[in-house]
Amino acid sequence: MARIDEFFRYLIASKGSDLHLSEGQMPKIRVHGAVSAIPDQARLLGDDFKNLLGEICDRKAFEHYLEIGDLDFAYEMDADSRFRCNYLKQQNGLAAVFRLIPTEIASLESLGVPEVVKQFGHMRSGLVLVTGPTGSGKSTTLASLLDYININFNRHIITVEEPIEFVHRNKRSIITQREVPIQTPSFADGLRAALREDSDIVLVGEMRDLETISLALTAAETGLLVFGTLHTNNARKTVDRIIDVFPSDQQSQVRTMLSASLRGVVAQLLCKRVDKPGRTAVHEIMFATPAVCAIIREGATQKLYDVITGGKSEGMQFMDESIWSKLREGMISPEEAYMKSIDKTRFKRYLPDNLSHLGDASGESPMTH
């Protein structure tokens with residue numbers, strides 16, 4: 001048993017999500033979004049801390065980390081406990097952050113993901129983007145969607161991840177999971193190889209550079225169903241981000257490609273609950289209807305708001321509508337609703353008087369329609 005397992009067991013017993021270890025500091029955990037120190041623990045120091053980190057890591061990879069300063073990998077403590085590990089260097093020495101990954105893949109229903117999201121699993125080709133800030137549950141939602149496909153369809157699914165988080169077992173589908181940089185050097189290399197590997201579906205863990213985004217668009221155009229993630233908060237920003245990655249002289253062509261291959265966007269945020277401990281997900285959902293595709297081709301993404309709010313009958317949902325419904329149900333506070341919303345003016349009136357300064361200090365201007 002590795003010495004670090006003691007911290008992992010405390011994290012699990014506390015129903016926490018992340019363990020933070022940093023040289024010169026006491027170990028800390030994150031529970032329901034808040035970080036606190038583990039009681040009765042000494043500061044992490046010197047060689048003892050270095051050896052603690054080295055125990056659960058491949059020797060060559062650890063040597064590379066000590067030289068370079070960054071490392072991502074996954075660690076399985078036991079059959080029920082798996083962690084995404086990120087080693088880094090900081091001002092006072094070494095540090096590491098561990099995210100607990102559930103070994104059981106939750107269903108879309110239990111995550112509170114709207115039923116219409118299953119429609120993306122029925123598609124045969126195109127690009128589907130699941131977006132949101134770091135820690136908003138994108139990987140969890142995508143894992144659930146892949147599991148839904150795995151249960152219901154005969155497909156060959158290839159995932160390219162850094163690192164592999166949720167481990168999928170073959171059900172009706174065949175799932176091939178590849179880790180960057182262990183089994184494939186980069187996301188782009190893994191995606192390029194998937195085109196030659198008789199795949200039906202490819203999951204790209206992160207679409208963070210021009211080459212990967214360009215390959216994802218090409219793969220979607222050539223008949224693969226491509227799932228990808230971006231760190232954007234809503235559908236409009238997602239479309240803009242993809243196009244802005246390309247040089248200006250290519251953007252018109254990319255808008256045409258994206259309008260032809262995009263199938264939809266699911267943007268996700270986590271809001272702190274007030275009715276009980278924990279967080280709840282809110283979603284913006286956009287399907288690539290003819291109106292959406294025309295807007296993308298024109299480059300007039302500011303019009304997407306009206307199409308999404310007017311597309312309820314097709315299963316579309318604007319982020320603020322999802323936030324509003326959670327506020328109305330008493331699941332989240334007016335402050336949380338205000339901070340996470342896009343159109344701040346809609347939620348400002350519900351803020352307690354002593355918090356109304358939030359509206360002036362947020363630096364975000366109300367959206368104009």
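The values are calculated or read from the model by the stated rules, or taken from the named source; none is laboratory data. Just so it is clear, the model here is predicted, and its values are computed rather than measured. Positions of Cβ are backbone-derived with ideal geometry, glycine not excepted, and every protein chain shown enters the neighbour counts. Side chains included, ligands, DNA and RNA excluded: accessible areas come from the protein's heavy atoms. Shrake-Rupley method; radii C 1.70, N 1.55, O 1.52, S 1.80 Å.
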Exercise. Given a 1.4 Å probe and every protein chain left where it sits, what share in percent of the accessible area of segment 122-168 is carbon and sulfur?
Worked result: 50 percent
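How compact is segment 32-109 by the rule of thumb for globular proteins, expressed as Cα Rg over 2.2 N^0.38 Å?
Values: Rg = 14.6 Å, N = 78, 2.2 N^0.38 = 11.5 Å.
Working it through for segment 32-109, the quotient is 1.27.
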Exercise. Anyone know which of V274, V202, V128 comes out most mobile in the 10 Å Cα GNM of the chain?
Worked result: V274
Exercise. Once you have the alpha carbon radius of gyration of the chain, what is it after dividing by 2.2 N^0.38 Å, with N set to its residue count?
Worked result: 1.04
Exercise. What is the magnitude of the charge dipole of the chain about its Cα centre, with +1 placed on the Cβ of each Lys and Arg, -1 on the Cβ of each Asp and Glu, and no other charges, expressed in debye to the nearest 20?
Worked result: 820 debye
Problem set entry | For segment 121-205: relative contact order, % (alpha-carbon pairs under 8 angstrom, 6 or more apart) | 31 percent
Exercise. With each label point set 7 Å from Cα along the Cα-Cβ vector, what nm distance links R328 and S36?
Worked result: 3.5 nm
Exercise. Nearest-5 percent of antiparallel DSSP beta bridges in the chain?
Worked result: 60 percent
Seminar exercise, completed: Judged on accessible area alone, 1.4 Å probe, highest first, D306, D209, D343 line up as D306, D209, D343
Problem set entry | Å² per residue, accessible surface of the chain at 1.4 Å | 47 Å²
Exercise. Roughly how many whole Å is it from the C-alpha centroid of segment 130-150 to that of segment 184-242?
Worked result: 15 Å
Exercise. If you build a Gaussian network model of the chain, linking Cα atoms that sit under 10 Å apart, which residue out of A13, A95, A337 swings the most?
Worked result: A13
Problem set entry | Using a Förster distance of 25 Å, the FRET efficiency for S14-Q91 (Cβ separation, nearest 0.05) | 0.35
